[in-house]
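Chemist: This is the structure I have questions about; it appears just below.
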Amino acid sequence: MSPALVVFLVIGTIAVASSILVVAMRNPVHSALFLLLTFLCVAILFVMKGAEFVGAVQVLVYAGGIMVLFLFVVMLINVRHLPDERVLSNFWKGGLLVGLAVFLLFFTMVRPGVFHDPVASDQALRTTYTYRHRKVHQPDGTVVRKLIRRGKVVGNSEAVGMALYTDYLVPFEVASLFLLVAMIGAIVIGKRELSAIEEENIPAYMLERSETEHEVKEAMSA
Amino acid sequence: MLEAVPTTEAYLMLSGTLFAIGLVGVIIRRNMITVLMAIELMMNAVNINLVAFSHRFASLEGQIFTIFIITVAAGEAAVGLAIIIQLYRLKSTINVDEARELNG
Amino acid sequence: MHGIDWVDVGLSVLKIAIVLGAMLNVTPIMVWVERRGSALIQDRPGPNRVGPFGLFQSFADAFKFILKEDMLPAKANKILYTIAPMFGLIPALTTIAVVPWGRPFTLPGGRLFEPIIANVNIGILLIFALASMGVYGIVMAGWASANKYSLFGGIRASAQMISYELSLTLAAVSVLLAAGSLSLTDVVWRQTGSFVLFNVIKLPAWNIFSPAMWMAFIVFFVSGFAETNRMPFDFAEADAELVAGYHTEYSSMKFALFFMSEYMAMATMSALVTTLFLGGWDIPWYTEPATWVGFALSVLSFVTKVSIILFIFVWVRWTIPRLKYDLLMKLGWKVFLPMAVVNIVIVALFIARGWL
């Protein structure tokens, strides 16, 4: 067994075990922390497949952003005690069956050796390409302009960045627009409308001190 | 550098397992936050697939798609958690089964 | 696989030993500086009994920490309560690995000695990825303590750190744009040498002196205070409001670990500020020779700059009062984030015009 395979087996086992615990844990904080562990394992798996940049982004966004957000919300809600509740829904047996079926489906589809792994060369994952027109003299004397592609081996992050800003520029811009929409949506949904009673209870000095009523509302909901 | 001995199939198996676990979580759990976490888990399983294929076919496309999926996951988490907070304010519960008023 | 090059391994171990030793010694030294510095600012003697100038006070403190009883609150979550301090310490210790701390030079054997533990091409991305894990130690400690004050400390810390991480990262993007690389080694090399401003002053080519990047420096520096939970922004502990915040329930060495991680995070942040904006190991108006002399001088220069920044951390703590919490969030989202984005555009314009 090669070292890489050992690493894969260990990390994969941890990932699967912790993801089972994400689903099985009663307390959402424990679930969130096990999900964090899963994400970190997945990041290591990414790096093993020549995707350093994606691995770093995975840790940065998932572990550093999304999971903190989850923990934040869990703790915000946990401050006021939740009533004891049943963890499983009524059709949990059916759910387990569906999961098992999907797992078996994947298992039968992916037999070892289907993809005939070549001797891996991840050079293409760290190469940027430049295109240039060049005049090529044909045997019959005519001159044809041809598009020449030239690759240059750089780092993985540079290659991904280059691809994002050239071939995938439009999807990239759409993604940024999507993020803007999601941000506005989250703010609009999450903002608390003050009830009439609460609005009356705003102390007078707060109304005097700030310039607009809107600002007071913001301060109260924060 | 590490050799690429863990094959593409091994990655696909792992990703399938994680996806199935996430699916089970979405179906059987009642706590909304856990359901959202299970969805994130499924997205990550898909990411593993894409990265494995990106390596197998020596093409950056898989990694690019992974980045877009991470973007979508971030937006989804933000909006989903905002909805959960609002639901909690409205009904003092984050149980999925309690939020079925439109179920006529 | 190639055979293992034992000289390489030995050099790596040496580098790790040097950096780890320096990082572990930052805490006692900084505790002393902090206490003496605060005494200086508040016009009182400060600790002066243990050793000359009270220099050994920190070691006495450490000894006391070891001897204290290690308490566990009755309702605390035992496992999380125990691993939270470790979770806080690991990111603080590991992020320094990609920061170069001296000029590379050729060893007698013809081998190039690069004073950086891991020269990876995703350099700064790794730093931010690891640094973003630092919040978990605080959040876990706050939650596992089963204490309202701790919990509020944890919640505040999580909100604060993800807010300021954005402006921190975006401010660093300006520098990376100018350097054209994610590797911190390249960032430093780009800042060596000097440029002449308005045909009058000859300034070292550090990013802080660049007309395009002083704004990024301000954003980065102040966000760094927020990211390390230092004084104007120390809402995770906020001793006037939350007793001691997330580490209210901690005692003995567990508390000491939080203490250590705070000072190590400070040291890492200072090293980052130095590397990104103050020219790293570059000595102003002087070209270091590519020998061990240049190496020694450059390390000295790096350590000096980091020390100055660390002293500013202390200085600010005892000078500026704590902000209100909503003002802190407003400052992060409505001032620093736009400033950082505007600065990126400015740098991009400078690059497009060929001024940078």
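The values are calculated or read from the model by the stated rules, or taken from the named source; none is laboratory data. The shown structure was predicted, so the numbers you read here are calculated from the model rather than taken from an experiment. A quick note on method: Cβ atoms are made from the backbone with ideal geometry, for glycine too, and the neighbour counts reach across all protein chains shown.
Condition check ((1) outside any helix (DSSP H, G or I); (2) under 30 Å from C:I162 (Cα atoms)) across all residues:
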position: B:E9; (1), (2): no, no
position: B:L23; (1), (2): no, yes
position: B:V35; (1), (2): no, yes
position: B:A73; (1), (2): no, yes
position: B:E101; (1), (2): yes, no
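Chemist: Sticking with this structure for a sec: Among the residues in the range C:244-261, are any in contact with a strand residue (DSSP E or B) (Cβ under 8 Å, 6 or more places away or on another chain) and modelled with pLDDT of 80 or more?
Modeler: No; the residues of the range C:244-261 include none that is in contact with a strand residue (DSSP E or B) (Cβ under 8 Å, 6 or more places away or on another chain) and modelled with pLDDT of 80 or more.
Chemist: Yes or no: the range B:44-53 includes at least one residue that is part of a helix (DSSP H, G or I), within 7 Å of chain A (Cβ to nearest Cβ) and aromatic (F, W, Y).
Modeler: no
Chemist: Then there's this: What tally of residues in the range B:39-64 results from selecting those that are β-branched (V, I, T) and touching a strand residue (DSSP E or B) at 6+ places or on another chain (Cβ under 9 Å)?
Modeler: So the count comes out to 0.
Chemist: Another one. Which one is farthest from the chain's Cα centre (by Cα) among residues in the range A:134-187 that are charged (D, E, K, R) and part of a helix (DSSP H, G or I)?
Modeler: Going through the qualifying residues, I end up with A:E158.
Chemist: If I filter the range C:166-187 down to residues being among the hydroxyl-bearing types (S, T, Y) and in a helix (DSSP H, G or I), which single residue comes out as surrounded by the most Cβ atoms within 10 Å (Cβ to Cβ)?
Modeler: For the range C:166-187, the residue satisfying everything is C:S174.
Residues are listed down the side, and each one gets a yes or a no for (1) outside any helix (DSSP H, G or I); (2) within 13 Å of chain C (Cβ to nearest Cβ); (3) crowded, with 22+ Cβ neighbours inside 10 Å:
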| residue | (1), (2), (3) |
| --- | --- |
| A:A15 | no, no, yes |
| A:V22 | no, no, yes |
| A:H30 | no, yes, no |
| A:L37 | no, yes, no |
| A:F53 | no, yes, yes |
| A:A56 | no, yes, yes |
| A:L60 | no, yes, yes |
| A:A63 | no, yes, yes |
| A:V68 | no, yes, yes |
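Chemist: Quick one: C:P73 ticks every box in (1) surrounded by 11 or more Cβ atoms within 10 Å (Cβ to Cβ); (2) under 22 Å from C:S307 (Cβ atoms) bar one, so which box is it?
Modeler: Answer for C:P73: the failing condition is (2).
Chemist: Now for a different question. What residue, of C:I90, C:I96, is surrounded by fewer than 20 Cβ atoms within 10 Å (Cβ to Cβ), closer than 19 Å to C:E262 by Cα, more than 10 Å from chain A (Cβ to nearest Cβ) and out of contact with any Pro (no Cβ under 8 Å at 6 or more places or on another chain)?
Modeler: Only one candidate passes the filter, namely C:I90.
Chemist: Considering only the range C:116-141, state which residues are among the aliphatic types (A, V, I, L, M), within 7 Å of another protein chain (Cβ to nearest Cβ), more than 17 Å from A:F70 (Cβ to Cβ) and not in a loop (DSSP other than H, G, I, E, B).
Modeler: Answer for the range C:116-141, where residues must be among the aliphatic types (A, V, I, L, M), within 7 Å of another protein chain (Cβ to nearest Cβ), more than 17 Å from A:F70 (Cβ to Cβ) and not in a loop (DSSP other than H, G, I, E, B): C:L125, C:L126, C:A129.
Chemist: Can C:L356 be described as over 28 Å from C:L107 (Cβ atoms) and surrounded by fewer than 16 Cβ atoms within 10 Å (Cβ to Cβ)?
Modeler: Spelling it out, it is not the case that C:L356 is over 28 Å from C:L107 (Cβ atoms) and surrounded by fewer than 16 Cβ atoms within 10 Å (Cβ to Cβ).
Chemist: Now, a different point. Please go through (1) more than 7 Å from chain A (Cβ to nearest Cβ); (2) under 17 Å from A:A124 (Cβ atoms); (3) crowded, with 22+ Cβ neighbours inside 10 Å for B:E61 and return the number of the only condition it doesn't satisfy.
Modeler: All conditions pass for B:E61, except number (3).
Chemist: Does any residue of the range C:73-81 turn out to be hydroxyl-bearing (S, T, Y), at pLDDT below 85 and part of a helix (DSSP H, G or I)?
Modeler: yes
Chemist: Quick check on B:L23: is it modelled with pLDDT under 90, over 30 Å from A:Y168 (Cα atoms) and not charged (D, E, K, R)?
Modeler: No, not satisfied.
Chemist: Do the conditions hold for C:Y149, that is, is it more than 10 Å from chain A (Cβ to nearest Cβ), over 15 Å from the mean Cα position of the chain (by Cα) and hydroxyl-bearing (S, T, Y)?
Modeler: Yes, satisfied.
Chemist: Just give me the residues in the range C:84-105 being in contact with a Gly (Cβ under 9 Å, 6 or more places away or on another chain) and assigned to a helix (DSSP H, G or I), in sequence order.
Modeler: Within the range C:84-105, C:A84, C:P85, C:M86, C:F87, C:G88, C:L89, C:I90, C:P91, C:A92, C:T95, C:V98 meet the criteria.
Chemist: Suppose we keep only residues that are crowded, with 17+ Cβ neighbours inside 10 Å and of a type in the set (G, A, S) within the range C:188-226. Which one would you say is farthest from C:A352 (Cα to Cα)?
Modeler: Among residues in the range C:188-226 that are crowded, with 17+ Cβ neighbours inside 10 Å and of a type in the set (G, A, S), the one farthest from C:A352 (Cα to Cα) is C:A226.
Chemist: If you check C:G102, C:G134, which single one turns out to be of a type outside the set (S, T, Y) and either over 23 Å from C:E262 (Cα atoms) or out of contact with any helix residue (DSSP H, G or I) (no Cβ under 6 Å at 6 or more places or on another chain) (or both)?
Modeler: One residue alone meets the criteria, C:G102.
Chemist: Further, regarding this structure: With the condition kept exactly as written, say whether any residue in the range C:12-34 is more than 21 Å from C:T95 (Cβ to Cβ), part of a helix (DSSP H, G or I), among the hydroxyl-bearing types (S, T, Y) and in contact (Cβ under 8 Å) with a residue 12 or more places away in the chain.
Modeler: No; the residues of the range C:12-34 include none that is more than 21 Å from C:T95 (Cβ to Cβ), part of a helix (DSSP H, G or I), among the hydroxyl-bearing types (S, T, Y) and in contact (Cβ under 8 Å) with a residue 12 or more places away in the chain.
Chemist: Taking the range B:30-43 on its own, how many of its residues are within 7 Å of another protein chain (Cβ to nearest Cβ) and either hydrophobic (A, V, I, L, M, F, W, C) or free of Cβ contacts under 8 Å to residues at least 12 places away in the same chain (or both)?
Modeler: 5
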